[in-house]
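Notes follow the structure.
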Amino acid sequence: MGEDEISTLLGKLDLPRKVRLLTGASTWRTHAEPAVGLAALTLSDGPAGVRGPAWDERSPSVLLPCASALAAAWDEPLVERLGALLAAEARRKGVHVVLAPTLNLHRSPLGGRHFECFAEDPELAGRTGAALIRGLQENGVAAAAKHYTANDAETDRLTVDVRVGERALREVYLAPFEAAVEAGVRLVMAGYNAVDGVTMTQSPLLAQPLKGAWGFDGVVVSDWGAARSVTAAAAAATDLVMPGPEGPWGEALVAAVRSGAVPESAVDDKVRRLLRLAGRVGALDPVAERPQSAPAPGAGQSGAALLRTAVAAGTVLLENRGVLPLDPAALRSLAVIGAHAAAPRAQGGGSAGVFPYPSDSPLDAVRLALPATVDVLHAAGPAVHPPAPVGLDGIEALDCRDPRTGRPGVRLRVLDGDGAELHTEYRLSGRLLEPPLPPGAHTLEVTALVRPTVAGEWTWGVGGFGRLELTVGDATLVDGEFPAATDDPALLHVSPPCRYGRIRLPAGRPVRVAARRRLDPGAGRAVLLTAAPPAPDPAAAIAEAVRAARAADAAVVCVGTTEESECEGRDRTGLVLPGPQDALVEAVAAANPRTAVVVTAGGPVELPWRTRAGAVLLGWFPGQEGGAGLADVLLGRAEPGGRLPTTWPARLADAPVTATAPRAGRLSYDEGLHIGHRAWLRRQGPPPAYWFGHGLGYTAWAYEESAVQGPAGAGGPHRATAFTVRVRLRNTGARAGREVVQVYLARPGSAVERPVRWFAGYAAVRAAAGAAVTAEVPVPWRALRHWSPQEGRWRWEPGRYEVLIGPSAGRIALSDAVRLRCPS
Ligand code: BGC
């Protein structure tokens, strides 16, 4: 669709019709406009899967490893293929726009959405994000880079005013978005936060550099509920207000144009962008509507195989004292221990969440992968997970059925103010986020006939806001008013809190459980029925784990964060693993020196036992193939290919940048350019546990020699290669492997402020045991530039730059230098 044709279509629409298109028709859809052949566009989160037009457990989604795991692969072609898999999912679910990638940075380890962002470093985040965008968009689905910009923490995220200096803004926080625009991203999402006093949907940063200097010709969509004004957001460069149908624009924007407060040309530009987007995703005539049903890649072999490869590729081997890989031929028994072994956490919480396909736990996968001659001993360890939704998500010790039909699942009823049933349906899960709401809906009720297989004190929960009730048999466990104390959509609609009660139940006897919530205006409509079996005594559970570890040739302990942390809408309060997991690892590692610890987390956690464990693997939130991918790594069928995309503190107290809570509404990025490894290098203090770039793999490498080719000139196009670093290295280990060769730059004596050293580029190479290989690392001109606030443009400082080469930001193996000429 050419620009002239778009102008013709635009000319067919009067002002109210144009304005109507600029606010969503519903939570996830835009309006159709038959007069110009425009179909409704469906938008859906991302980034770890495509949920589809509704939160519905009956429509599962393929689940990728979380974003930090993807960045940990340092493998853009792989991420591109995963983007293509997301595109296939989007097409299958009739989705035109996937709300991904998340391009905010790992600024503080406490960031609640850390798992959803790629890295601490703008270059790595930008490159990984661009790969995901290419994979999505080359397959006919639009990506939306979010959240523009400096939206790196969750505390007071709807109102926080981020204060960030101009250089840090340009060189650090905007840089990944610049890379996304270069990759042709179709949409950019304006965040909830403000930068320098202006909320992002009204920010001048949308006009410059986004739509101006960068030439972004796509759609700026508001984050859900982030557009708050008529004139300011409309006159600024926000194009599409989501969700709808309510919102600040509509009639008010028509009136503002008629009164001259907003020029009609601003509205025309927005509609033009929307039509352009529709043309690009096949939602504008004469392109026929795309087929909505394609085979589910989740069920298909190729999708699952790719995801399994991705799990191993992103898994980071942090420590290894000769324990991994395990040799199945030499094993007679293996203890698999910990709450995450049988009930792993595959994804972080919030809008990124999907209802995944069922998949193997680490315990299942290890059992499947080992020969029958190996005895797998399982000890669950102390309970750490909060109560889980009943039904689909599975609580092993509970048989849960719809009381009306007896089928596995629950019964949802929608009641009017008198308690009469307006609607009812059979559902698979006790987590109902978008239940149908017929007119007159007043109360939601979830009931189940449950039969515990374990006797003891069970915990039950009802989730949501407003009046809540929970009954188990004849007992009322919760009955009270819990008004919504937030207007954050993630907390209202996705992860509302649960209220709990406890009751002793015998094993084997069916009991009826009912959770009810009243639907109050502004309080969301999610309702949850959750449960947890009687928790074993923690000391006894650890003792049982120790017995299993002692009895086995080797042990694998699966630990991690839980739903209570690492969730959109709130930041973390600490980095300690929940519950007695540290004590569990200490005890098991002391009982068996051949203990490998598998950490499931989207962001840093403290690992106080890390030097006492035989091996430590960081598996992130690995997605649906987490179990199978982990088994591949443990048994050496695949190398743990990951390298850290973010620096891990040994203790939270050591981290140089931690603040996520605004003071008097403001969050100041006082560290300027120095986040991540840059901050650790600058600060005189305890070193981190693991540097950005660290990851051991299953072989060893010697960095032998380097040579630099270029640069010619004094500066150049930002994306173009300024110089290439050729690095010869040798695989000195006993098996073939892949190494990520990293290049950092430093400029001692610079006339402008600089990081001690900063990441500039990488290349991955493979080599057989004993073989030498040459890595060619291209370093783009943008790695050498700095923003001049005085001149309002990019500059290159002439002179000598150190070129530092190594396997992490903290380990430099070779050094070289380049010289930039003076501009003529
Ligand atoms: C999140 C976005 C998400 C949107 C729609 C917001 O609360 O910040 O990342 O795309 O909701 O679910």
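The values are calculated or read from the model by the stated rules, or taken from the named source; none is laboratory data. A quick note: this is a predicted structure, and the numbers were derived from the prediction, not measured. Heads up, the Cβs are rebuilt from the backbone with ideal geometry, glycines too, and the neighbour counts pull from every protein chain shown. Quick note on the areas: whole protein, heavy atoms, side chains included, nothing else; ligands and nucleic acids left out. Shrake-Rupley method; radii C 1.70, N 1.55, O 1.52, S 1.80 Å.
The table below gives the values:
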read-out	value
Net charge of neighbours whose Cβ lies under 12 Å from the Cβ of Glu120, counting Lys and Arg as +1 and Asp and Glu as -1	-2
Net dipole in debye of the stretch 701-820 [+1 Lys, Arg Cβ; -1 Asp, Glu Cβ; about Cα centre; nearest 20]	200 debye
Computed Kirkwood radius, in angstrom, where 1/r is averaged over Cα pairs of the stretch 388-532	15.0 Å
Where the stretch 39-242 is the region considered: accessible area per residue in Å², 1.4 Å probe	20 Å²
Theoretical FRET efficiency, 1/(1+(r/R0)^6), r = Cβ-Cβ of Arg728 and Arg407, R0 56 Å, to 0.05	0.30
Segments 79-90, 613-624, 315-326 sorted - mean Cβ within 10 Å per residue, highest first	613-624, 79-90, 315-326
Two-site label geometry, Arg637 and Ser668: point separation in nm, points 7 Å out along Cα→Cβ	5.5 nm
Per-residue ³J(HN,Hα) for the stretch 186-191, Karplus 6.51 cos²θ - 1.76 cosθ + 1.60, θ = phi - 60°, Hz, x for Gly and Pro	8, 9, 10, 9, 7, x
Unit charges on C-beta of K, R, D, E only; dipole of the chain, Debye	1100 debye
Residues in the stretch 442-482 reached by a label modelled at Glu421 [backbone nitrogen below 13 Å; 7 Å Cα→Cβ]	445-448
Rotationally averaged projected area of the stretch 170-273 (alpha carbon convex hull; nm²)	6.4 nm²
Full-stretch length increase - Ala507, Ala485 - with 0.36 nm per residue and alpha-carbon distance subtracted	4.1 nm
Relative counts (whole %) of C-alpha pair distances in the stretch 39-242, using bins that are 10 Å wide	10, 38, 38, 13, 1
Contact order normalised by residue count of the chain, Cα under 8 Å, 6+ apart, percent	14 percent
Fraction of accessible area attributable to carbon and sulfur, the chain (%, probe 1.4 Å)	51 percent
Solvent-accessible heavy-atom area per residue, rounded to whole Å², over the stretch 701-820 at 1.4 Å	41 Å²
Viscosity 1.306 mPa s, 10 °C: Kirkwood-radius Stokes-Einstein D of the stretch 101-210 over Cα pairs, µm²/s	115 µm²/s
Value of D in µm² per second that Stokes-Einstein yields for the stretch 701-820, Kirkwood Rh from Cα pairs, at 4 °C (1.567 mPa s)	86 µm²/s
Accessible solvent surface per residue of the stretch 388-532, calculated while the other protein chains remain in place, 1.4 angstrom probe, Å²	42 Å²
Stretch gain in nm, segment Glu704-Ala769, where the contour uses 0.36 nm per residue and the Cα spacing is subtracted	21.9 nm
Cα gyration tensor, the stretch 1-121 - rounded (a/c under 1.5), prolate or oblate	prolate
Geometric extent, Cα atoms of the chain - Rg, Dmax (angstrom)	26.9, 86
Helix-only CD estimate at 222 nm, as mean residue ellipticity for the chain, using -39500 (n - 2.57) per DSSP H run (n ≥ 4)	-5500 deg cm²/dmol
Table column - 3J(HN,Hα) (Hz), the stretch 499-510, Karplus curve with 6.51, -1.76, 1.60, x for Gly and Pro	10, 10, x, 10, 7, 7, 10, x, 7, x, 9, x
Gain in span if fully extended, Arg793 to Ala213, counting 0.36 nm per residue against the direct Cα distance	207.8 nm
Relative contact order (%) - the stretch 1-70, alpha-carbon pairs under 8 angstrom, separation at least six	18 percent
Pairwise FRET efficiency - Ala535 versus Arg682, Cβ, R0 = 45 Å, nearest 0.05	0.50
